[in-house]
Amino acid sequence: MTNKLKFQTRAVHAGETPDPVTGASAPNIVMSTTFAVDADLGFSVEANDDNGSGEPEYIYTRWANPTLNQLEKKLSSLEEAADCVVFGSGMAAISGLFFSCLKAGDHLVMSDIVYAGASELANDTLPNMGIDVTRVNMSDLDEVTAAMTSKTKLVYAESPCNPIMRLTNLVAVAEIAHSHGAKLAVDSTFATPVATIPITLGADYVIHSLTKYFGGHGDAIGGAVLSNDAEEMARLRQGLLVHGGGVLSPFNAWLIMRGMATLPLRMEAHQRAALSVAEFLEAHPKIEQVTYPGLASHPQHDLAQEQMHNSSGMLTFRVKDGPAAARVFAEKLGVFHYAVSLGHHRSLIFYMPTDSLLETSFKLTPKQEEDYRRYMGDGSFRVSIGIEDPVDLCEDLAQALAQF
Ligand SMILES: *Cc1c(COP(=O)(O)O)cnc(C)c1O
């Protein structure tokens, strides 16, 4: 029923109903780790038979929990997916999907630039499990096609990708994956479903770090995998949640659901403030380059306009002496916090030095490195614009830029 409602209405209502016992309008947090059942594992409490099957829905929270189920329903509704499994972090969701979909002898085609943790997982851990990984520039469709083999089971992309803000043409990459019998997984953390709904563009799996825009307030870590493939999702839930054990805390799920009600409103504010800051920076004499999908200067601005209905709040910029600027920013910025992470109501800024990131996280071919440096130079600031007034954000950056 709620799927017929508009996006903002579903952000508020999907997955939630007044409590049947008390009538509480806001969702209760069910922190209970265990649930009363009878000796045959039938229900002993009437309320614990929501599906009318005579089987209890809830036995133990690592298997299923009412608050986690509410969050899964809300996420499914916004991402237009049939099913969702939530995890204790974004990385637990990513590793869960890899370990569930891939086995020894399989081949993974992965974007050369993705979230550093996912990149390190693919470089350092997957090969030890006998999984072959080829890293490609996902914006180069010929490179993607050339990497596909008969063993390729999964193609893994981000759009926009962390940290360089390069986009992936999801319709085109889904077509390449499917024509080679592989599935496409998209980490859509930077876009959120306000900007892009990957499943409607052909993606088979959508991944989120709920820690970022969904939670939106920097106070709860969580992750999710969404898909229409019921069999694969059942395997993921059993193998990597029930057995893998990466369960999300119901309290975090409740915080994330509460954040989600305002996701569309916040994304509007993030986009508006980010565009103001991006334009301010682009006109500033000390700034060498700004990369933001909402600016006409973004190398894939046309694709951004087609694929993103909101430009999000993430941008990068470069100055001549990045390390010196990083020291000044960390000390002198008053509104921004100098910190990693993103998608919060507070604005965050962090310096990403190219050489050390290439060393620890991204192992690139010379051609891929050239493309990385086209976006990031020797190092760039990654900025997550919050929902503060952009006038204050620009003034804060202006006074810090004047000090070096
Ligand atoms: C932060 C992030 C992750 C990891 O999420 P955690 O919740 O920190 O584990 C994965 N992908 C992207 C794009 C991210 O920004």
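The values are calculated or read from the model by the stated rules, or taken from the named source; none is laboratory data. Computed from a prediction, not measured in an experiment: that's the story for all the values here. All Cβ positions, even for glycine, are placed from backbone atoms using ideal geometry, and neighbour counts span all protein chains on display.
Every residue, every condition in (1) within 13 Å of the ligand (Cβ to nearest atom); (2) among the hydrophobic types (A, V, I, L, M, F, W, C); (3) more than 25 Å from ALA253 (Cα to Cα); (4) within 18 Å of the chain's Cα centre (by Cα), yes or no:
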position: VAL85; (1), (2), (3), (4): no, yes, no, yes
position: GLY90; (1), (2), (3), (4): yes, no, no, yes
position: ILE94; (1), (2), (3), (4): yes, yes, no, yes
position: PHE99; (1), (2), (3), (4): no, yes, no, no
position: GLY105; (1), (2), (3), (4): no, no, yes, no
position: SER111; (1), (2), (3), (4): yes, no, yes, yes
position: ALA116; (1), (2), (3), (4): yes, yes, no, yes
position: GLU120; (1), (2), (3), (4): yes, no, yes, yes
position: ILE131; (1), (2), (3), (4): no, yes, yes, no
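ALA220 - would you say it is of a type in the set (Gly, Ala, Ser) and under 24 Å from ASP106 (Cβ atoms)? Before the answer, list the steps.
Values: of a type in the set (Gly, Ala, Ser): yes; under 24 Å from ASP106 (Cβ atoms): no.
Judged against the criteria, ALA220 is not a match.
Sort out for me the helices (runs of 4 or more DSSP H) sitting completely within segment 136-203 that have 2 or more residues that are over 18 Å from the mean Cα position of the chain (by Cα) and more than 21 Å from HIS298 (Cα to Cα). Step through it out loud before you land on a result.
Working: elements: 141-147, 170-179, 192-195.
Fully inside segment 136-203 and qualifying: 141-147, 170-179.
Can you pull out every residue in segment 302-354 that is assigned to a helix (DSSP H, G or I) and either in contact with an Asp or Glu (Cβ under 7 Å, 6 or more places away or on another chain) or modelled with pLDDT under 95 (or both)?
Initial filter on segment 302-354 (assigned to a helix (DSSP H, G or I)): 302-307, 322-332, 354.
Hits for segment 302-354 are GLY322, THR354.
So, of the residues in segment 355-368 that are within 16 Å of the ligand (Cβ to nearest atom) and assigned to a loop (DSSP other than H, G, I, E, B), which turns out to be surrounded by the most Cβ atoms within 10 Å (Cβ to Cβ)?
PHE362
When only residues in segment 189-233 that are among the acidic types (Asp, Glu) and away from the ligand (no atom under 13 Å from the Cβ) count, which is surrounded by the most Cβ atoms within 10 Å (Cβ to Cβ)?
Step by step, filter segment 189-233, then rank; the result is ASP204.
Consider LEU348 carefully, then state whether it is within 16 Å of the ligand (Cβ to nearest atom), under 24 Å from VAL173 (Cβ atoms) and surrounded by 20 or more Cβ atoms within 10 Å (Cβ to Cβ).
Numbers: within 16 Å of the ligand (Cβ to nearest atom): yes; under 24 Å from VAL173 (Cβ atoms): no; surrounded by 20 or more Cβ atoms within 10 Å (Cβ to Cβ): yes.
No, not satisfied.
Taking segment 234-263 as the region of interest, how many residues are within 16 Å of the ligand (Cβ to nearest atom) and not in a helix (DSSP H, G or I)?
Here the count works out to 6.
Kindly provide the set of residues from segment 134-146 that are away from the ligand (no atom under 14 Å from the Cβ) and crowded, with 19+ Cβ neighbours inside 10 Å, ordered by number. Even if it seems obvious, please write down each step before you answer.
In the first step, residues of segment 134-146 are kept if they are away from the ligand (no atom under 14 Å from the Cβ); the result is 134-137, 139-146.
Listed by number, the residues that qualify are ARG135, VAL136, ASN137, SER139, VAL144.
Can VAL114 be described as of a type in the set (Val, Ile, Thr) and over 23 Å from ALA230 (Cβ atoms)?
Numbers: of a type in the set (Val, Ile, Thr): yes; over 23 Å from ALA230 (Cβ atoms): yes.
Considered against the rule, which asks whether it is of a type in the set (Val, Ile, Thr) and over 23 Å from ALA230 (Cβ atoms), VAL114 comes out as yes.
When segment 1-50 is examined, which residues are found to be outside any loop (DSSP other than H, G, I, E, B) and modelled with pLDDT of 90 or more?
Once the filter is applied, which keeps residues that are outside any loop (DSSP other than H, G, I, E, B) and modelled with pLDDT of 90 or more, segment 1-50 yields PHE7, GLN8, THR9, ARG10, ALA11, VAL12, HIS13, THR34.
Return the residues of segment 63-78 that are under 19 Å from THR9 (Cβ atoms) and in a loop (DSSP other than H, G, I, E, B); say none if nothing qualifies. Walk me through it before giving the result.
Looking only at segment 63-78, we keep the residues that are under 19 Å from THR9 (Cβ atoms), and these are 70-78.
Correct list: empty.
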